[in-house]
Amino acid sequence: MNMAETGDLAAGLRGELRRSEPMARHVSWRAGGVARTAYFPADLDDLIAFLRVQSADEPLLMTGLGSNLLVRDGGLSGTVIFTQRALREVRLDHLGVLGGGIYAEAGAASPKVARFAALNELAGAEFLSGIPGTVGGALAMNAGCYGGETWNIVAHVHTVDRAGKRRVRTPEEYEIDYRHVQLKAEGGRRRAEGPHPSSQPDALHRIGRSPARTHAGASIETPDSLPHPSEEWFLAAVFNLRRGSGAESRAKITELLKRRIATQPLNEPNAGSVFRNPQGDYAARLIEACGLKGHSIGGAMISNKHANFIVNRGAARGADIEALILLVERSVQEKFGVALEREVRIVGEA
């Protein structure tokens, strides 16, 4: 019997364990079901201790601000680990004449890193101010905007696996592409073995998270399946930045925020861009060309301000949001022959 079944903390753990935790409180869409078990670690050491006492068959989902996560209305039968309280340190690391590093833990908000870099006269991280999630999520999906991508400034990362083993890895150990990050060893194993019967599509900080695709472009989600034993999550990153002007960086951040406010529906619950941009085109253009801008299902609507955003108008269910996602995928496939790929992750039971 494990903690998820008893609701009791193992000896030595210092975090907070909750049962039947409403995930709508923790995802930016403000919709979805409950998690059977939720754990809020006290700090990094407590997180590692918690991982070490989990049973091998306990499904785990690690998340930060939930800014690209949709939890289905039936909820999650496993354990969700929230990192934003425990892993939020941001500090200078090996600062030199030409620049240096910023150490940022996975639960720290990406805009916080951008502001910290500007405060310390370091340039190159300004684009992070436009990413509404955490460092862990940005690492896991190579998040980017306004011409910048997360892994372009990564010097190395710190990770942890299910057994609580920590590692330091360099970018050379990963396959990195547009909105894609995967360990080379993991990618090779998957190609050799085929889909693992216990692969689980997504935790926001997980490494190697590409869901399978159907012929129609819809993701096959298996939220209650078990992760492969080699599964790892990001704990922190060191970003390599150059010396610059703090005033110029702050001005650039201000300009990026103005662009976000002007073009994105920030006054309504959303999860950012729902789909990746296909090569040579924009998902928003394709969606708008299908006549879907402003289309609603239940309490969810494709934003009138930006067609690649789905907003919660106040009472959306997870099913409403997912139905819109499927409608967009089907419509774009039928009209343009393009299979859109999701940036957002869908987990849980319908």
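Couple of notes before you dig in:
- Element breakdown for region 280-325 at a 1.4 angstrom probe: carbon and sulfur atoms account for 46% of the accessible area.
- About the Cα centre, charge dipole magnitude for region 286-350 (Lys/Arg +1, Asp/Glu -1 at Cβ), debye: 200
- Computed over Cα pairs, the Kirkwood radius of region 30-84 leads via Stokes-Einstein (1.002 mPa s, 20 °C) to a diffusion coefficient of 179 µm² per second.
- Nearest-20 debye value, region 1-143 charge dipole, Cβ charges on Lys, Arg, Asp, Glu: 380
- The mean sequence distance of close C-alpha pairs (under 8 Å, at least 6 residues apart), as a share of the length of region 78-182, puts its relative contact order at 18 percent.
- Judged by the ratio a/c of the largest to the smallest principal axis of the C-alpha gyration tensor, region 104-183 counts as prolate, that ratio being 1.5 or greater while a/b is larger than b/c.
- Counting only protein heavy atoms and a 1.4 Å probe, region 1-149 has 36 square angstrom of accessible area per residue.
- Of all aspartates and glutamates in the structure, those lying under 12 Å Cα to Cα from K305, and not within fewer than 8 positions of it along the same chain, are E268, E288.
- In this structure region 293-340 gives 42 Å² per residue of accessible area when probed at 1.4 Å with all protein chains present.
- Relative contact order, percent, region 244-350 [alpha-carbon distance under 8 Å, six or more residues apart]: 27
- Spatial separation of Cα centroids for region 111-137 and region 20-34, in angstrom: 26
The values are calculated or read from the model by the stated rules, or taken from the named source; none is laboratory data. Remember, it's a predicted structure, so these values are computed and weren't measured experimentally. Note that each Cβ is placed from the backbone with ideal geometry, even for glycine, and that neighbours are counted across all protein chains shown. What goes into the accessible areas is simple: the full protein's heavy atoms, side chains included, and nothing from ligands, DNA or RNA. Shrake-Rupley method; radii C 1.70, N 1.55, O 1.52, S 1.80 Å.
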